[in-house]
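This report refers to the structure that appears directly beneath it.
The values are calculated or read from the model by the stated rules, or taken from the named source; none is laboratory data. Just so it is clear, the structure is predicted and the values come from calculations on it, not from any experiment. As a convention, Cβ positions derive from the backbone with ideal geometry for all residues, glycine included, and neighbour counts pool all protein chains shown.
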Amino acid sequence: MSDTTDWLTKQLSQLQEQEPSFINRSILEATKALVAEQNKRIRQAQDEIDGRIWSPDKW
Amino acid sequence: MKTLILISHPKLADSATQEFLKTAGKSQTNVAFEYIDDLYKGTKIDIVQEQQRLIKYNRMVFQFPLYWYSSPASLKQYMDDVFTRKFVVANHLLRNKELGIVVTLGDAEAEFQAGGSEHFTISELLRPFEAFANKAGMTYLKPFVVSQFGYLEEEQKELLLVDYLQYVSAQMPLSLDNREKWLVDQLTHMKQEKSEDDQQKLDLIIGSIEARQDQLDDLKTNVKMIRDQEE
């Protein structure tokens, strides 16, 4: 997990802990899931770029 | 974008699921609810008034528990009364709107497939609504299924709530991009009721999420460019 993802998740959890509204807590939970999904897709896209640039076909 | 949720449920007051969904939906300013069963209590339904109401909304959602593999009778009655041939087919007054279905199940959703105890899929069972949307020139949205609400844990309910709110109020399709935009809108709205410290925190969170989405868009463009050069 990237540093930004860690930081975002921590901030969102802190807001969640002090949040009295169930609806807002749910939105913060879904935002954490979005942050994790963004992290996964960024990593996969970077890996794909690396893989395609270093493909043996191009050597 | 404005959404009208039409609820058909003979025992609405007893349903914890409907109460949950309604409380959630009311948090959205562009979402309105109408309880069909109330329209049939006492006086005769005012068809013209109903039609006038419907045309103000971009998305219409039928919300009901599955009763013998269809909606409860009140929704069918409403459709037969309000969706006149003139309104739907001749004047095309529902054309280009979206039709969504929120269906609640007492059985596990996994049983609704070939080999499962219910044998037929939800998409198959809801085919008459899809056919209606097709005839009316509406965009039919993927049905939103809530199954066995009573067995859900707190965290599952939180995620269900957001999925439901996105189904009724976010831009379709529910891609990562559209979900991100919807969540940023919600966080921005949430900010209004927070302390100055928390507002700053939320601003940083929103900024960071948007920057990551831009980064992801750039990466996707690069991936596509490299792929296109390969073939």
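Tabulated data for the structure shown
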read-out	value
Residues of the stretch A:13-23 satisfying the condition of being closer than 16 Å to B:Asp203 by Cα and crowded, with 17+ Cβ neighbours inside 10 Å	A:Leu15, A:Gln16
B:Tyr167 being hydroxyl-bearing (Ser, Thr, Tyr) and touching a Leu at 6+ places or on another chain (Cβ under 6 Å)	no
The stretch B:58-89 - residue that is within 24 Å of B:Asn30 (Cβ to Cβ) and free of Cβ contacts under 8 Å to residues at least 40 places away in the same chain and, of those, surrounded by the fewest Cβ atoms within 10 Å (Cβ to Cβ)	B:Phe87
Verdict on B:Leu39 being farther than 14 Å from B:Ala136 by Cβ and surrounded by 12 or more Cβ atoms within 10 Å (Cβ to Cβ)	yes
Subset of the stretch B:165-196 [of a type in the set (D, E, K, R), more than 9 Å from chain A (Cβ to nearest Cβ) and more than 16 Å from A:Asn24 (Cβ to Cβ)]	B:Asp177, B:Lys181, B:Glu196
Filtered residue count, the stretch B:37-79, keeping only those that are under 27 Å from B:Ala108 (Cβ atoms), assigned to a helix (DSSP H, G or I) and not charged (D, E, K, R)	3
The stretch B:90-114 residues that are assigned by TED's automatic domain parsing to the domain that holds B:Asn134 and assigned to a loop (DSSP other than H, G, I, E, B), paired with ones that are of a type in the set (Lys, Arg) and surrounded by 13 or more Cβ atoms within 10 Å (Cβ to Cβ) (beta carbon under 7 Å, 6 or more apart)	B:Lys97/B:Arg59
Residue identified as in contact with a Lys or Arg (Cβ under 9 Å, 6 or more places away or on another chain) and more than 7 Å from every other protein chain (Cβ to nearest Cβ) among A:Glu37, A:Glu48, A:Glu19	A:Glu19
Subset tally (residues that are free of Cβ contacts under 8 Å to residues at least 24 places away in the same chain and within 14 Å of another protein chain (Cβ to nearest Cβ)) for the stretch B:127-159	7
All positions within the stretch A:5-56 that are within 13 Å of the chain's Cα centre (by Cα), closer than 23 Å to B:Thr23 by Cα and β-branched (Val, Ile, Thr)	A:Thr31
Conditions (1) part of a helix (DSSP H, G or I); (2) over 30 Å from B:Asp228 (Cα atoms); (3) more than 10 Å from chain B (Cβ to nearest Cβ): number failed by A:Asn24	(3)
Test for B:Glu34: is it surrounded by fewer than 18 Cβ atoms within 10 Å (Cβ to Cβ) and either within 25 Å of B:Leu160 (Cα to Cα) or not assigned by TED's automatic domain parsing to the domain that holds B:Val162 (or both)	yes
Test: residue in the stretch B:6-22 that is more than 14 Å from chain A (Cβ to nearest Cβ), buried (at least 20 other Cβ atoms within 10 Å of the Cβ) and in a strand (DSSP E or B)	yes
